[in-house]
Amino acid sequence: MAITNLSTELMRTFVTVIEEASFTRAAEILRRTQPAISLQVKRLEETVGYPLIERQGKVISLTERGEELAIHARQILRLNDIAVAQFEKQERSAKLRVGLPVDYAVNTLQACLTDVVRQFSETQIEIRCDLSKHLLAALRGGEIDIAVALFDGDDQQFLFRNWKEQPTWVGAADFNITSQSEIPLVVHPYGCVYRDRMTTALKLAGQNWRIAYSSPGIGGVQRAVLDGLGLSCLTAPTVLDGMRRFTEKDGLPALPPLHIGMFARQTQLGTGGYAAIDSMVQALEARS
């Protein structure tokens, strides 16, 4: 059986089209004509034997095979770019903009980036902590280069890696649900995935609830839970000693799993960017 070799040039075009959601914009970035970009995508489709991109007017979407190839293409380009970088002079003023979620393992991820700063002193890292939906909007708008964010599970535009994690109800060790006429919730501001998970699950279960405490920072939420102000929804990386896990046996509805994604604008990553991704991926996988 003959081995098919995939062209890194064609895969770079493919990934750039995905990230920019535009053949025209991809042509500008890669300094080619729009027909040349379309031809390269067609050549890649002919190589793998399947359609990869669907176009309806100006709207671009990936086919099922396109989603599968995109994951591998990003990894192949990553290895290619790291190898080539060994023979190139490093840029002295490289800038890397990273978005971290306020509600998921932010302390662990910040520590990873600190190590990268020490290793790549020529790379200036800017960190932005925000709700996941704001980070993804910033990534699409070109305001940041890398984001770790919770998402619905179907966003493939910048997806580099993804994981599932099971959230759980948590409260103080002496918190008593049966004494509450309404379940007090400790939450992040409106728009947080965790908050949506909790309120939707309680509504569907026909249980009454109220917002007892709201904070944009995970530290405030953790402290409020430990102080007994109410229940919250957390994942393993943010559950602290002194918190008690609550389940359906305690009368609470089950919570659906969360999707955590590593997103990146691969067209803008250098060796420092790939190092940041690798470090954060290892940290997330170690905690899963």
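The values are calculated or read from the model by the stated rules, or taken from the named source; none is laboratory data. All of these numbers come straight from a predicted model, not from anything done at the bench. In this analysis, Cβ positions are derived from the backbone assuming ideal geometry, glycine residues included, and neighbour counts consider all displayed protein chains.
Points worth noting:
- The C-beta contact set for region 139-162 (first residue among the polar types (S, T, N, Q), second residue part of a loop (DSSP other than H, G, I, E, B), distance under 9 angstrom, 6+ apart or interchain) comprises GLN157/ALA21; ASN162/GLY153.
- Any hit, region 75-86, residues being over 15 Å from the mean Cα position of the chain (by Cα), closer than 20 Å to THR235 by Cβ and of a type in the set (A, V, I, L, M): no
- Residues within region 53-89 that are among the hydroxyl-bearing types (Ser, Thr, Tyr) and not in a loop (DSSP other than H, G, I, E, B), tallied: 1
- Test result for VAL187, of a type in the set (A, V, I, L, M), on the phi < 0 side of the Ramachandran plot, surrounded by 15 or more Cβ atoms within 10 Å (Cβ to Cβ) and in contact (Cβ under 8 Å) with a residue 60 or more places away in the chain: no
- Within region 106-134, no residue that is free of Cβ contacts under 8 Å to residues at least 60 places away in the same chain and not assigned by TED's automatic domain parsing to the domain that holds ALA264 sits with its Cβ atom under 7 Å from a residue that is charged (D, E, K, R) and loosely packed, with under 15 Cβ neighbours inside 10 Å at 6+ positions apart or across chains.
- In region 38-70, residue surrounded by the most Cβ atoms within 10 Å (Cβ to Cβ) [restricted to those that are over 17 Å from LEU6 (Cβ atoms) and over 27 Å from the mean Cα position of the chain (by Cα)]: SER38
- Hey, LEU284 buried (at least 19 other Cβ atoms within 10 Å of the Cβ) and touching a Leu at 6+ places or on another chain (Cβ under 6 Å) or not: no
- All of LEU39, LEU96, LEU52 fail the test of being touching a strand residue (DSSP E or B) at 6+ places or on another chain (Cβ under 6 Å) and of a type outside the set (S, T, N, Q), apart from LEU96.
- Within region 89-128, being over 22 Å from THR267 (Cβ atoms) and either modelled with pLDDT of 90 or more or buried (at least 18 other Cβ atoms within 10 Å of the Cβ) (or both) holds for PRO101, VAL102, ASP103, TYR104, ALA105, VAL106, LEU109, CYS112.
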